[in-house]
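Chemist: Here it is, the structure in full.
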Amino acid sequence: MGDKETGAPRGRRREADHNDIRLMQAAREVFAEQGWEAPVSEIARRAGIGMGSLYRRYPSKEQLAQRMRIVGMEQLVALVHTALAEEKEPWAAFARFLRDALSAQGLGTPLLPVLGGRLPATDEVDAASDRLRTAFDALVGPAHRAGVLRADFTSADLPLLLEHLTARLPVPGARAAALHVRYLDLVLRGLRTSAADSPTALPGPAPDWAELRELWNAPAG
């Protein structure tokens, strides 16, 4: 029986989805290592996918990168939903999300330095960004209201914090992962507050979602 939306056999649909996962992971790694000029052939090689299959799905490097951005945002939204569903306390959910995001396969690769300002916004990218903002607001808002997260940390700080926490380090992968978690614990101690705390204000101004869009998207025109 075929896929109801595409008419393709289910086995072929599953294979395409599996290839897409490998492509996204390989693309993140290759772009992070070699920058925007990285050849698409290296992405295909690392994903174990033929160039013909890659170009049938993504006819250009720009389309592949746009899809990578959307998939990354969708993964973060899913991690927020998991943290909120499985952790009853606002601080536990907030910390759980950050730890999961650092350990999630493929997400521990900062892309803003590589892709920021290169690609235009699209309706699909904007919709994914709106879903991400809604998810981050749902994570940060309860922590603020419970008085466990410093009030001057906003949901728009989260994407940039993740970029900083996943900086590429010239050490083996396992060691880099351990260091990322180490520094996350230090950051969490600085972000947590209580009624007895009066933390020194963070230098401002805080980022907002309009500024994030300017960082990510190529100028119009």
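Chemist: In debye, nearest 20: dipole of the chain around its Cα centre with unit charges on the Cβ of K, R (+) and D, E (-)?
Modeler: Dipole about the Cα centre, nearest 20: 720 debye.
Chemist: Next up: How large is the dipole of region 44-161 about the Cα centre if only Lys and Arg carry +1 and Asp and Glu carry -1, each at its Cβ, rounded to the nearest 20 debye?
Modeler: Result for region 44-161 is approximately 560 debye, rounded to the nearest 20.
Chemist: Which one, G52, L112, V140, is farthest towards the positive end of the dipole of the chain when Lys and Arg carry +1 and Asp and Glu -1 on their Cβ?
Modeler: G52
Chemist: I would also like to ask the following. So for the pair R168, T134, with labels modelled 7 Å out along Cα→Cβ, what separation do we get in nm?
Modeler: According to this spin-label approximation, the distance is 3.5 nm.
Chemist: Got a sec? Charge dipole of region 75-221, +1 on Cβ for Lys and Arg, -1 for Asp and Glu; which of P207, T82, L191 is way out at the positive end?
Modeler: Positive-end residue among those listed: L191.
Chemist: Something else about it: In a GNM of the chain with a 10 Å cut-off on Cα contacts, which of V114, V71, V171 has the highest mean-square fluctuation?
Modeler: Sorting by GNM fluctuation, first place goes to V171.
Chemist: Taking the chain as a Gaussian network, Cα atoms linked when under 10 Å apart, which of G117, G35, G50 shows the biggest mean-square fluctuation?
Modeler: G50
Chemist: Find out how many positive minus negative residues lie around A127, taking Lys and Arg as positive, Asp and Glu as negative, among other residues whose Cβ is under 15 Å from that of A127.
Modeler: Net charge in that neighbourhood comes out at 0.
Chemist: While we're on this one: Points 7 angstrom from Cα along the Cβ direction at T82 and A146: gap in nanometres?
Modeler: It works out to 1.9 nm between the two label points.
Chemist: Taking amide H positions as placed 1.01 Å from N in the peptide plane, with prolines and chain starts having none, which residues 5 or more places from L119, or on another chain, fall under 5 Å of its amide H?
Modeler: Amide H neighbours of L119, under 5 Å, 5+ apart: A218.
Chemist: Here's a follow-up. Helix-only estimate, please: 222 nm mean residue ellipticity of the chain, summing -39500 (n - 2.57) across DSSP H runs of length 4 or more and dividing by its residues, to the nearest 500.
Modeler: Values: 10 runs with 143 residues, N = 221.
Computed mean residue ellipticity for the chain: -21000 deg cm²/dmol.
Chemist: In Å², what does the accessible area per residue of the chain work out to with a 1.4 Å probe?
Modeler: Computed with neighbouring chains in place, this is 56 Å² per residue.
Chemist: Taking the Cα centre of region 36-88 as origin and charging only Cβ (+1 Lys, Arg; -1 Asp, Glu), how large is the dipole, in debye to the nearest 20? Present the calculation step by step, with values, prior to reporting the outcome.
Modeler: Details: 8 positive and 6 negative charges, 52 e Å.
I would put it at about 240 debye.
Chemist: What whole number of Å gives the distance from the Cα centroid of region 158-181 to the Cα centroid of region 66-92?
Modeler: What the calculation gives is 18 Å, centre to centre.
Chemist: Place a point 7 Å from the Cα of Q34 along the Cα-to-Cβ direction; which residues of region 46-72 have their backbone N under 20 Å from it?
Modeler: 46-69
The values are calculated or read from the model by the stated rules, or taken from the named source; none is laboratory data. It should be emphasised that the depicted structure is a prediction, and the values quoted were computed from it without experimental measurement. So basically every Cβ, Gly included, is an ideal-geometry build from the backbone, and we count neighbours across all protein chains shown. When the accessible area is computed, the model is the full protein with side chains, heavy atoms only, and any ligands, DNA or RNA have been set aside. Shrake-Rupley method; radii C 1.70, N 1.55, O 1.52, S 1.80 Å.
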